Amino acid sequence: QVQLVESGGGLVQPGGSLRLSCAASGFTFSQIHMSWYRQAPGKERELVAAISITGRSTNYADSVKGRFTISRDNAKKTVYLQMNSLKPEDTAVYYCNQVDWATMSPFASASWGQGTQVTVSS
């Protein structure tokens, strides 16, 4: 059974940084592309960043390019999101999940973790 546990969120001032972590289990992590998504109040869930199986390829939403960095540790079955220069518009619940690299979308059968809340406010 796929389990995804996100952590590392919190309240941060504009311009600050956070590092999110996602511990995965229940599937062969080293053989699955992974991604971070976020959902702000009243908005649809959107892809933030994706990382390939080996970590050599990454993909970012235009809104976070140059500020966020996705990485993974296959030995620890964990994917990370380093978020720098945070803005109020980055406020959302952040989720990790598997990703279909061809479509940059989650699989239709995807189950979701509880997410981690990121709030950027002064």
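For the reader, a short list of remarks on this structure follows.
- Note on region 103-122: residues that are without any contact (Cβ under 8 Å) to a residue 60 or more places away in the chain, part of a strand (DSSP E or B) and more than 15 Å from the chain's Cα centre (by Cα) total 0.
- Residue count for region 18-38, restricted to those that are open to solvent by 60 Å² or more (accessible area, probe 1.4 Å) and either under 23 Å from GLU89 (Cβ atoms) or among the small types (Gly, Ala, Ser) (or both): 1
- The residue list TYR80, TYR60, TYR95 contains one member that is surrounded by 14 or more Cβ atoms within 10 Å (Cβ to Cβ) and over 18 Å from GLY10 (Cα atoms), which is TYR60.
- Tabulated pairs, region 45-72, first at negative phi and in contact (Cβ under 8 Å) with a residue 12 or more places away in the chain, second assigned to a loop (DSSP other than H, G, I, E, B) and crowded, with 18+ Cβ neighbours inside 10 Å, C-beta under 6 angstrom, 6+ apart or interchain: VAL48/VAL64; ALA50/VAL99; SER52/HIS33; ILE53/HIS33
- Considering region 108-122, and only residues there that are open to solvent by 40 Å² or more (accessible area, probe 1.4 Å) and in contact with a strand residue (DSSP E or B) (Cβ under 6 Å, 6 or more places away or on another chain), the residue that is farthest from THR28 (Cα to Cα) turns out to be THR119.
The values are calculated or read from the model by the stated rules, or taken from the named source; none is laboratory data. Small disclaimer: the values here were computed from a predicted structure and weren't measured. Glycine also receives a Cβ, built like all others from the backbone with ideal geometry; neighbour counts cover every protein chain displayed. Just so you know, the surface numbers come from the protein's heavy atoms only, side chains and all, with ligands and any DNA or RNA stripped out. Shrake-Rupley method; radii C 1.70, N 1.55, O 1.52, S 1.80 Å.
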